[in-house]
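Structure record follows, encoded as structure tokens.
The values are calculated or read from the model by the stated rules, or taken from the named source; none is laboratory data. Predicted, not measured: the structure shown is a model, and the values here were computed from it. Cβ coordinates were reconstructed from backbone atoms using ideal geometry, including for glycine residues, and neighbour counts include every protein chain displayed. To get the accessible areas, we keep the full protein, side chains included, count just its heavy atoms, and leave off ligands, DNA and RNA. Shrake-Rupley method; radii C 1.70, N 1.55, O 1.52, S 1.80 Å.
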Amino acid sequence: MRWLVLIVGMLAMIAGSTSQYGLAYLIPAFRDEGLSLEQAGLLVACPTAGVMLTLIAWGAAADRWGERVVLSTGLGLAGLFLLAARWAPGTASLAVLLALSGAAGASVLASGRLILGWFARHERALAMGIRQSAQPMGLALAAATLPALASGGTGVPLLFLSALFLAAATAAFLLVRDPAPVPSAATAEKATGPASGVGAPYRTPVLWRVHAASALLVVPQFTITTFALVFLTDARGWSALAAGHLLAGAQVCGAFSRLAAGYWSDRTGSRLRPMRIIAVTTGAGMLVLAAAAAAGSSVAVPVLLFLGVVAVSSNGLSFTAVAEYAGSAWAGRALGIQTTGQNVMTAATPPVIAMAIGAVSFAPSFAVVAVFPLIAALLVPVAAEEGMAAGESEPAGTAPASGRH
């Protein structure tokens, strides 16, 4: 059963990521419809703006009613809003419907409690990596399909995205089963070590530092996600279709990088040390990309693809660390706060970077983006790793790895 639940959760996240983050691949189509790069960037940010308004509420709902109800309801509503967006009469109404679809689809981003309940610690980072690999896979699906579907306008791509959401909602309702509840709240609080007591996960700075580092790592990730296609077409002369196919391959590799990061974490017993290493690597890569872009070098293309893989790889690690430190009684809300912070940065990144590129071109913009992962590396609280492991007993006991099939 646990693997079936993981697969359905992964499919739901693919649908959510294709819509919430894959709209960047419709930027050329939006521009063909008369919008500026800045206007298209704002439309791309609308689903993410909607996401960040509802994540904590979805997390609290998951803590109370379970993820089956939350996933099926949220994904179904997101599909209906996108269906309505297909016939939106103007840019403003389209923006509102895209924001509403993000607000509803946020349910999938606040739903990591299933991993905490169904998998034991020694395999949990890999399981979370599998689930989180759905995000780059959704982006790969968007890169492979949306530019081609948009050849006649943005209506068909929106219809396609609506169908993905509705299919995922149906699968979640029919197949997802929540793990057995903790016997009592008092038992859970005593068993979760550093996360014991009402509000205790946030009495120390550990979770706040993980949240902040994760939010900063979003900036390079979504700079590449949003503007790689524009960079390849505008600065390197590629066609939108060829660039989309290349970037789809990079996103598939990014999905596998999350699995590799999870495996690495489980084998070493650390979530945060690999996260710090990935942050430093991403910052260095952005500096190399900036230099190559400034020189007009063809080296920029492989570096761009490298970043498309590496920059996405740490997400599962941070989610696993947050869930483990918070414990199951707080996991939904903690993951909601985590993803809210990430999506604040995700919503801000496309319009701000679009304005920066318009003002000073690609190379200086990439150089500034490099600062964010380097600061994130300093914030990652590696010393808290032992505390997270100490708070493990309740989640693993909720759903032992060998007890559910």
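Quick look at the numbers
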read-out	value
Among residues of segment 341-352, those that are surrounded by fewer than 24 Cβ atoms within 10 Å (Cβ to Cβ) and either touching a residue at least 40 places away in the same chain (Cβ under 8 Å) or more than 20 Å from the chain's Cα centre (by Cα) (or both), counted	5
Subset of segment 262-287 [open to solvent by 20 Å² or more (accessible area, probe 1.4 Å) and within 15 Å of residue 310 (Cβ to Cβ)]	264, 276, 277, 280, 281, 284, 287
All helices (runs of 4 or more DSSP H) inside segment 353-397 with 1 or more residues being closer than 30 Å to residue 301 by Cβ, modelled with pLDDT of 90 or more and within 23 Å of the chain's Cα centre (by Cα)	362-369, 371-379
From 31, 86, 68, residue being farther than 16 Å from residue 176 by Cβ, surrounded by fewer than 24 Cβ atoms within 10 Å (Cβ to Cβ) and touching a residue at least 40 places away in the same chain (Cβ under 8 Å)	86
Qualifying positions in segment 288-321 - more than 16 Å from residue 248 (Cα to Cα) and open to solvent by 40 Å² or more (accessible area, probe 1.4 Å)	288, 291, 294, 295, 296, 298, 299
Conditions (1) of a type outside the set (A, V, I, L, M); (2) in contact (Cβ under 8 Å) with a residue 40 or more places away in the chain; (3) in a loop (DSSP other than H, G, I, E, B); number of the one not met by residue 297	(2)
Subset of segment 45-61 [within 21 Å of residue 139 (Cα to Cα), open to solvent by less than 20 Å² (accessible area, probe 1.4 Å) and at pLDDT below 85]	45, 48, 51, 55
